[in-house]
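*Asks:* Input: one structure, supplied below.
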Amino acid sequence: MTAIAARLTRPGFAAGGALALLFVVSLVVGVGDVSLSRLTHDPEAWRLVFASRLPRTLAAVLAGAGLAVAGLVMQALARNRFVEPTTAGTDQSAAAGVLLMTLLWPSSSLPVKTAGAAAAALAGTSVFLAVAHRLPPNQPFLVPLFGLIYGAVLGSAAMFVAWQADLIQFFEIWTRGEFSGVLRGRYELLWLSAAMVALAWWAADRLTILSLGRDVSIGLGLDYQAMMRLGLVIVSVVSALTVVVVGMIPFVGLVAPNLVTRALGDDLRRAAPWTAFVGAALTLGCDILGRIVRYPYEIPVGTILGAVGAALFLWLLFGRRA
Amino acid sequence: MIRIENVSFARGGTEILRDVSLELPSGGVTAIVGPNGAGKSTLLSLIGRLQPLQAGRITVGGHAVDSTPGAELAKVLAILRQDNGVASRLRVRELVAFGRFPHSRGRLSNEDRAHVAASLAAFGLDAFAERFVETLSGGQRQRALIAMAFCQDTPCLLLDEPLNNLDMFHARDLMRRLRAAADERGRTVVAVLHDINHAAAYADRIVAMKDGRVVADGPPAELMTPETLERVFGHRIRVTTIDGRPVALHHL
């Protein structure tokens, strides 16, 4: 027992240390000068930290962890390793939802718009899963392929509406993930995605059974439909929150779960905390990278993740076989 | 005890089961045999409430399968389906431990762990216990799934073609374990079997189905006659007796 504990905690400490380091780096890297030496005497630097850097860093950690776990849950629901909310219509539905809320009810508050986005994401993802479960299981690439087409169709339809309504600029904000606009008072909704991660952890055993299919789930006495709905809520709420607050962030939901489950396996009880960790570190790391590469200009995190995530994913596909 | 009353089932306009009634007393091994498309798997999945009942009534141990809460039924019956496409990255030990879920609800007690260890040992899985299911061969995977169903430790065990992918050693071993489960623990085992000789050697009773109906039902000695087998399977089959057991030479 102690041997297992030692084996689990050493990487745990290492990962915790790495994330803490990224956290500190994120607080001091950026256009405004917040070097550690300046922090010792300049209260203005601290104001910058609390108004902008800390919210930005927390937003990246919360969004990254949430998206990674949402990807993990979605892969369990779809019984397919190659789907994630940004490539299977969930995020596109969420963007369409917030667009509709903006059109029909422009004065609604951010939480209300988010609720609209979550409802749309729920509907869009339900359709995706209904189709995914009808595709032949011996052809695993059909599911992500269908997801890509479905997501692209939804996204294009939404963009057409946005263009007609002269809301393209808003639409870009929702579809292009970026943390540079995150300030205190503008990101706090993302804490809800931490709650969704906790929910996934709480239901981890049942979500794992769900990934074994309908027959096994029912055989073990699970309320299959209810669990499916719970998983859908987790995925949809996390996606809607990120789309509304920071915009679509690709690949985190794909790469983080795949990296983790390749090493630790599909048992969500074991994989979910690590997935959250990897997702947070990946997102925060890419955001920091985006601040450094063209300093003093910034590259949106979505763009950086597109490149880094694609490279990681190709490595997962073609790299060493486990 | 499993009671099936006037069950009919149709899918896409095709009748799969036509007015099937059966009563299987507690304890004992029942084999369901019959040609492809006879409705065996459908009947088993209806008993295991994997599909909704369309007509008729099924009770297992007095619980109506269509109205008893799923979590409660999971302590009464375990079902192993055919073609479990479980290509999961779960470790074999984790998969088998999920068989305890109806009892443990995710928190394994020492008793649960003992069940898991016993099932792993019984099906020769100790050497694979820490391997991912997706890395196993078809037969090893089948054994892991059977171990999971055994681990659920229910009075009633339903198995759809459990011998699929198993080699001769493990096929015989499984049949002996089913026999022992019935004799020593009083479990009710219902298995869809393709090999009539496995059925004849280990089952107390054989139910033969064809075209959605039960066409013969009785102890092996009674059912294993050339006439009955021809009626069920469609060709003349020689039946001989070895050590007092009927053996069908169906491959000749």
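The values are calculated or read from the model by the stated rules, or taken from the named source; none is laboratory data. Since this is a predicted model, take the numbers as computed values, not measurements. Glycine also receives a Cβ, built like all others from the backbone with ideal geometry; neighbour counts cover every protein chain displayed.
*Asks:* Can you name the residue in segment A:278-287 that is buried (at least 22 other Cβ atoms within 10 Å of the Cβ) and either in contact (Cβ under 8 Å) with a residue 60 or more places away in the chain or in contact with a Cys (Cβ under 9 Å, 6 or more places away or on another chain) (or both) and is also nearest to the other protein chains (Cβ to nearest Cβ) among such residues? Reasoning before the result, please.
*Replies:* Filtering segment A:278-287 down to residues buried (at least 22 other Cβ atoms within 10 Å of the Cβ) leaves A:278-284, A:286-287.
Pick out the ones that are also either in contact (Cβ under 8 Å) with a residue 60 or more places away in the chain or in contact with a Cys (Cβ under 9 Å, 6 or more places away or on another chain) (or both) and you get A:278-284, A:287.
On the way: A:Val278: 16, A:Gly279: 18, A:Ala280: 22, A:Ala281: 22, A:Leu282: 20, A:Thr283: 24, A:Leu284: 27, A:Asp287: 30 Å.
Among those residues, the one meeting the criterion is A:Val278.
*Asks:* Could you give every pair whose Cβ atoms fall below 7 Å, whose first residue belongs to segment A:252-265 and is within 11 Å of another protein chain (Cβ to nearest Cβ) and in contact (Cβ under 8 Å) with a residue 12 or more places away in the chain, and whose second residue is among the charged types (D, E, K, R) and surrounded by fewer than 23 Cβ atoms within 10 Å (Cβ to Cβ), counting only separations of at least 6 or pairs across chains?
*Replies:* Qualifying pairs under 7 Å: A:Asn258/A:Arg81; A:Thr261/B:Arg89.
*Asks:* For segment A:33-53, enumerate the residues that are touching a Ser or Thr at 6+ places or on another chain (Cβ under 9 Å) and either loosely packed, with under 11 Cβ neighbours inside 10 Å or modelled with pLDDT of 85 or more (or both).
*Replies:* A:Arg53
*Asks:* Which pairs turn up if I take residues in segment B:14-37 that are over 21 Å from B:Glu161 (Cα atoms) and look for partners that are of a type in the set (Val, Ile, Thr) and modelled with pLDDT under 90 with beta carbon separation below 6 Å, at least 6 apart in sequence or on another chain?
*Replies:* none
*Asks:* Determine if segment B:120-129 includes at least one residue that is more than 18 Å from B:Met1 (Cα to Cα), within 13 Å of another protein chain (Cβ to nearest Cβ) and not acidic (Asp, Glu).
*Replies:* Here is the first cut: in segment B:120-129, the ones more than 18 Å from B:Met1 (Cα to Cα) are B:120-129.
Those left that are additionally within 13 Å of another protein chain (Cβ to nearest Cβ): B:129.
Checking which are not acidic (Asp, Glu) leaves us with B:129.
The answer is yes, given that some residue of segment B:120-129 is more than 18 Å from B:Met1 (Cα to Cα), within 13 Å of another protein chain (Cβ to nearest Cβ) and not acidic (Asp, Glu).
*Asks:* Turning to a different aspect of this structure: If I filter segment A:221-242 down to residues being free of Cβ contacts under 8 Å to residues at least 24 places away in the same chain and assigned to a helix (DSSP H, G or I), which single residue comes out as nearest to B:Ser104 (Cα to Cα)? Give the derivation first.
*Replies:* The first filter runs over segment A:221-242 and keeps only residues free of Cβ contacts under 8 Å to residues at least 24 places away in the same chain, leaving A:221-226, A:229.
Then keep just the ones that are assigned to a helix (DSSP H, G or I); that gives A:224-226, A:229.
Working: A:Tyr224: 18, A:Gln225: 21, A:Ala226: 20, A:Arg229: 23 Å.
Here the residue is A:Tyr224.
*Asks:* So, A:Gln169, is that one at pLDDT below 90, assigned to a helix (DSSP H, G or I) and over 17 Å from A:Val61 (Cα atoms) or not? Talk me through it step by step, then tell me what you get.
*Replies:* Numbers: at pLDDT below 90: yes; assigned to a helix (DSSP H, G or I): yes; over 17 Å from A:Val61 (Cα atoms): yes.
Considered against the rule, which asks whether it is at pLDDT below 90, assigned to a helix (DSSP H, G or I) and over 17 Å from A:Val61 (Cα atoms), A:Gln169 comes out as yes.
*Asks:* Okay, moving on. In segment B:91-115, how many are farther than 24 Å from B:Arg172 by Cβ, assigned to a helix (DSSP H, G or I) and away from chain A (no Cβ under 11 Å)?
*Replies:* Total satisfying the criteria: 5.
*Asks:* For segment B:1-50, what are the residues that are of a type in the set (S, T, N, Q) and loosely packed, with under 15 Cβ neighbours inside 10 Å?
*Replies:* The answer is B:Asn6, B:Thr14, B:Ser21, B:Ser26, B:Asn36.
*Asks:* What is the one condition in (1) away from every other protein chain (no Cβ under 14 Å); (2) over 25 Å from B:Arg81 (Cβ atoms); (3) part of a helix (DSSP H, G or I) that A:Ala200 does not satisfy?
*Replies:* (1)
*Asks:* Next question. Report, ordered by the first and then the second residue, all pairs with beta carbons closer than 8 Å, sequence separation of six or more or different chains, a first member in segment B:105-118 that is in contact (Cβ under 8 Å) with a residue 24 or more places away in the chain, and a second member that is aliphatic (A, V, I, L, M) and assigned to a helix (DSSP H, G or I).
*Replies:* B:Val116/B:Val96; B:Val116/B:Ala97
*Asks:* Is there a residue being within 14 Å of another protein chain (Cβ to nearest Cβ), surrounded by fewer than 24 Cβ atoms within 10 Å (Cβ to Cβ) and over 21 Å from A:Val301 (Cα atoms) anywhere in segment A:230-245? Quick ask: steps written out before the conclusion?
*Replies:* Taking segment A:230-245 and keeping what is within 14 Å of another protein chain (Cβ to nearest Cβ), we get none.
Taking every residue of segment A:230-245 in turn, none turns out to be within 14 Å of another protein chain (Cβ to nearest Cβ), surrounded by fewer than 24 Cβ atoms within 10 Å (Cβ to Cβ) and over 21 Å from A:Val301 (Cα atoms).
*Asks:* Regarding B:Gly85, is this residue more than 10 Å from every other protein chain (Cβ to nearest Cβ) and at pLDDT below 90? Quick ask: steps written out before the conclusion?
*Replies:* On the way: more than 10 Å from every other protein chain (Cβ to nearest Cβ): no; at pLDDT below 90: yes.
Against the criterion (more than 10 Å from every other protein chain (Cβ to nearest Cβ) and at pLDDT below 90), B:Gly85 does not qualify.
*Asks:* Is one or more of the residues making up segment A:296-303 in a helix (DSSP H, G or I) and over 18 Å from the mean Cα position of the chain (by Cα)? Even if it seems obvious, please write down each step before you answer.
*Replies:* At the first step, the residues of segment A:296-303 found to be in a helix (DSSP H, G or I) are A:301-303.
Subsequent filtering for residues that are over 18 Å from the mean Cα position of the chain (by Cα) retains none.
Taking every residue of segment A:296-303 in turn, none turns out to be in a helix (DSSP H, G or I) and over 18 Å from the mean Cα position of the chain (by Cα).
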